[in-house]
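The values are calculated or read from the model by the stated rules, or taken from the named source; none is laboratory data. Only a predicted model underlies this, so the values are computations on that prediction, with no experimental measurement involved. As a convention, Cβ positions derive from the backbone with ideal geometry for all residues, glycine included, and neighbour counts pool all protein chains shown. These area figures cover heavy atoms from the full protein model, side chains too; ligands, DNA and RNA do not enter into them. Shrake-Rupley method; radii C 1.70, N 1.55, O 1.52, S 1.80 Å.
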Amino acid sequence: MAQKESMAVPEFLSKAELVKQGAEARVYRAEFLGKPTIVKERFPKRYRHAVLDEKLTHRRTVQEVRSILRCRRAGISAPVVYFVDYTSHCIFLEEIVGSSTVRDHIASNQRSDSCKKPELERLADRVGQILAKMHDEDVIHGDLTTSNMLLRCGLEDGEFDLFLIDFGLSYISALPEDKGVDLYVLEKAFLSTHPNTEALFERLLKSYAAASSKSSAVIKKLDEVRLRGRKRSMVG
Amino acid sequence: MHLTHKLELFPDHRVTQMLFKEVKNAAELRQCAVEGKINGALINPTMLVDPFQVLVAVNKAVNLQKIGKMKTRSLYSEIIFNLSPTNNISEAFKRFGSSDGDDSVLVVLVHNKDESQLVSDITARVSGRQVPAEEVSSLTDHAKIKKLYKVTAQEEKCGTLLDAVVCRMAIKDVM
Ligand SMILES: Nc1ncnc2c1ncn2[C@@H]1O[C@H](COP(=O)(O)O)[C@@H](O)[C@H]1O
């Protein structure tokens, strides 16, 4: 029997607001069950073999929601999953209303003057701590960038919540190498997105190292991966 | 008193929730549901945190019904099954379905037209006091829910109990 596919989700998305068109997924904003919701839709890649593509897309969807729950269980903020449709490969997530990306936050603070420095340092400390906690749970994010971290200011105390998003490339691993590469990916993205932030990123790594008991092996691997990266670029 | 929501994914489906306290005839109501005289899900409200939890269960059930992938035999049993954090069907009924001795019940109806007739049919059958459906939150057995869904203390720091419950319901099929 052919698999029945519901048209409900595609029809719903045709009326939703498209927020981002990526290479693997589209992100929409809509109201769902009365709540502001972000829908992430993974679409088929035509150049991949159809069966293989379906399997890969399904696996990413599953990995994404599993990692979200694993993080939340450990007390790391990530959007609540409301609904998953495995036929259209859509994840319906809590919209973090009133948030901005860490990327935008750093960029606008850099544009203003240097008196924002302590705030940026506090943010770097916080990111380091959260990533340490995530790695202690053996979650490898797979695509760490400052766009995949959302900041929401707390209502009363001016404290902020930091959310991790976009776990589509995530997986579970206890290997220091995998954690080191995860940090390396972030370092590359961080330094290229935010010029002159070497000291800030060092601070983030210090905070990571202080927060995780397993960090020394990870930082050692990070150093190795950096060296490899540099060698590669020298060879060309 | 009752709450009716439209399902955005299934615009011709509506969900109505009715909550009763001081219920005297829970056993009889359950019998009616078994015989098909009540077309609805009878839920133990102490296992609910919020009406939103029910909407999440109904939306998932309707979706699986449309694609022919329900794990149980009817839409109403599927709703009860979806509330549970595990894939054990009989356990889901025991914990989330109404039991004969219960003195409160939440009735969930899924329909496509005006609910007034359905609502009066239910009120006629239940001997109990109807209260606003939102009041389900005042009946919640927090300790039992935390234990059953295995909600950690750390998790409650980064979100509500409802968040924790909904997340597990939404993704239990891949855990
Ligand atoms: N849960 C969410 N709440 C608010 N905004 C989000 C959420 N998820 C994604 N976004 C926004 O959509 C963009 C793309 O999402 P993503 O492809 O998951 O990285 C992000 O950079 C955010 O600006």
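Here are a few things to note about the model shown:
- Counting only other chain Cβ atoms within 10 Å of each residue's Cβ, the peptide A:78-90 averages 5.
- Radius of gyration and Dmax over the Cα atoms of the protein assembly as shown, both given in Å: 24.0, 82
- Whole-number D in µm²/s for region A:1-87 (Stokes-Einstein; Kirkwood sum over Cα pairs; 10 °C, 1.306 mPa s): 109
- Residues whose amide H comes within less than 5 Å of that of residue A:83, counting only those at least five positions distant or on another chain, are A:92 (H built at 1.01 Å from N in the peptide plane).
- The mean number of Cβ atoms from other chains found within 10 Å of a Cβ in peptide B:161-173 is 5, as a whole number.
- Taking the square roots of five times each eigenvalue of the Cα gyration tensor of region A:85-145, the equivalent ellipsoid has semi-axes of 29, 18, 9 Å, listed largest first.
- Kirkwood Rh, Cα atoms: Rg over Rh of region B:3-171: 0.94
- Share of carbon and sulfur in the accessible heavy-atom surface of region B:3-171 [1.4 Å probe, %]: 50
- Restricting the calculation to Cα atoms, region A:71-207 shows an Rg/Rh of 0.97 when the hydrodynamic-style radius is the Kirkwood one.
- Between residue A:206 and residue A:20, the FRET efficiency from the beta-carbon distance, with R0 = 25 Å, is close to 0.15.
- Measuring between their Cα centroids, region A:180-236 and region B:138-165 lie 37 Å from each other.
- Heavy-atom accessible area per residue - region B:3-171, 1.4 Å, Å²: 43
- Calculated [θ] (222 nm, deg cm²/dmol) that DSSP helices of n ≥ 4 give over the protein assembly as shown, each run adding -39,500 (n - 2.57): -14500 deg cm²/dmol
- Accessible-area composition of region A:34-165, carbon plus sulfur, in percent [1.4 Å probe]: 51
- Shielding by partners - mean other protein chain Cβ count within 10 Å, residues of B:50-58: 2
- Pairs exceeding a 18 Å alpha-carbon distance, out of B:6/B:146; A:20/A:40; A:133/A:179: B:6/B:146.
- Cα coordinate range in chain A, projected on the principal axes (Å, largest first): 57, 48, 34
- Dipole axis of chain B (+1 Lys, Arg; -1 Asp, Glu on Cβ), positive-most option in B:164, B:139, B:17: B:164
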